[in-house]
Amino acid sequence: MAGQTLLEVTDLVEFLQRQESVSGVQRVIAETAPLLLAADPQARAVVLDRGRGVLVALTADETRALIALGAGSHNPAPDRGALAAAATACLARARAAEPVAVDAQTVLVFLGAVWINDALMLAARAAHAAGARCLYLLYDLTPVLETGHTAAVNRLFDRYLLLISQTGSAVPAISASSRRDFEQHCREHGRSSPPGAVTGLPCGLAPEQFSPAQLSEPPWPRPFALFVGTVESRKNHLLALRGWQRLIERHGAQAVPDLVCVGRLGWHADEFLAEYLATNGLDGKVSVLSTSVPDDELARFYAHAEFTVYPSRYEGWGLPVSESLAFGKVAVVADNSSLPEA
């Protein structure tokens, strides 16, 4: 098919299959894909069949269920079971479906975490070899600039950076910080950096997406500050925990709000978790909600927080900062990477 635009959404579909609340990269896909598909009626969403390493187009029904009515801010309380069933059926159908044909008139847009999927990187190379123009949305260079990932992810990420420098027709970045990091990385490795603009990111959650009644009930029994982010070393939960300990020592526990940390457990968080458990969360002043928190509940946390904290050592953007400001809450953030932009 000549002149086609393909939007690769495997990351989001597999995320929905696991019945997890979207965050970070997956939230960007959930928010952006419906807009791109609506802007170009001829565009199609595609998903990877991992077994064969080929891309398969979603049907109209799959696109409607997973993208148009999926897990974006337009659907703040999605039915996770229904989404998981739809995603499972989609991936099962893809195992026997005809691969999508690409040629020199194809634009293939990658919005997700291409680096965690070796089969997807191989599919991207195959599409490039067939003449397709590949566009990769760059988030950050965390695995090469921070130690918060596993060695396996680091190796995959090195291959990803090589891939996008060799096959990218364009590599837009979500922040000026990330784009500078990418260009610097290419220079250090003797590679040319494909062109690419800085996009910024829209706010994932905002109060206007919910009715006043949805936001009215406090989600926590006491005054609290909010820390949204995957529990991993890079996000610096340990610094927040020790900061709260100093506040309590200085002002007394009754004068300090609770700290509520919302986020899944990630990589290399052992030191924080050990200290958190050893102190019983500073005797209950710090809490970690590591199971999936739906968007409507997270919105109530933002709406009722005294303020938010985000001491991350490195970010590609920092959606919790934008979300905090959208809800009118002061965000106490680290002064590094993209966080001032957010």
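The values are calculated or read from the model by the stated rules, or taken from the named source; none is laboratory data. As the structure is a computational prediction, the values presented were derived from the model and not from experiment. Side chains included, ligands, DNA and RNA excluded: accessible areas come from the protein's heavy atoms. Shrake-Rupley method; radii C 1.70, N 1.55, O 1.52, S 1.80 Å.
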Discussion item. So if I restrict to the alpha-carbon atoms in the chain, what is the Rg, and what is Dmax, the biggest pairwise distance, in Å?
Written reply: 20.8, 68
Worksheet item: Contour minus end-to-end for residue 64 and residue 254, with contour as 0.36 nm per residue of separation and end-to-end as the Cα-Cα distance?
Response: 63.4 nm
Worksheet item: For the range 1-158, what is the convex hull volume of its Cα atoms per residue in Å³?
Response: 111 Å³
Discussion item. Using the alpha carbons of the range 179-280, what is the convex hull volume per residue in cubic angstrom, as a whole number?
Written reply: 176 Å³
Fill in: Volume per residue that the Cα convex hull of the range 114-231 spans, once the total is divided by residue count, Å³
164 Å³
Item to complete: Normalising by the residue count of the range 113-188, find the relative contact order in percent from Cα pairs under 8 Å and 6+ residues apart.
Response: 40 percent
Item to complete: Provide, in order from the shortest bin, the percent of all Cα-Cα pairs of the range 194-342 in each 10 Å bin, continuing until the bin that contains the maximum pair distance.
Response: 11, 40, 35, 11, 2, 0
Practice prompt. Give the Debye-formula value of log10 I(q)/I(0) at each listed q (0.16, 0.23, 0.28, 0.29 Å⁻¹), with one equal scatterer per alpha carbon of the range 172-227, two decimals each.
Written response: -0.67, -0.94, -1.11, -1.14
Worksheet item: Under the classification rounded if a/c is under 1.5, otherwise prolate if a/b is larger than b/c and oblate if not, where does the range 85-156 fall, given a ≥ b ≥ c as square roots of the Cα gyration tensor eigenvalues?
Response: oblate
Worksheet item: What fraction, in whole percent, of alpha-carbon pairs in the range 116-183 exceed 20 Å separation?
Response: 29 percent
Item to complete: Rounded to whole Å and ordered largest first, report the semi-axes of the equivalent ellipsoid of the range 292-334 derived from its Cα gyration tensor (root of 5λ).
Response: 18, 13, 8
Item to complete: Keeping the other protein chains in place, figure out the carbon and sulfur percent of the accessible area of the chain, with a 1.4 Å probe.
Response: 55 percent
Fill in: Residue of 323, 183, 208 that the Gaussian network model of the chain assigns the largest fluctuation, springs spanning Cα pairs under 10 Å
208
Worksheet, complete the sentence: Checking 99, 221, 207 against a Gaussian network model of the chain (alpha-carbon springs below 10 Å), the top fluctuating residue turns out to be 221
Practice prompt. Compute the length gained on full extension between residue 38 and residue 154: take 0.36 nm times their separation in residues and subtract their Cα-Cα distance, giving the result in nm to one decimal.
Written response: 38.2 nm
Response to the item:
The base-10 log of I(q)/I(0) that the Debye equation returns for the range 272-314 at q = 0.30 Å⁻¹, one scatterer per C-alpha, is -1.05
Practice prompt. Starting from the Kirkwood radius over alpha-carbon pairs of the range 1-89, derive D by Stokes-Einstein at 20 °C in a medium of 1.002 mPa s and give it in µm² s⁻¹.
Written response: 164 µm²/s
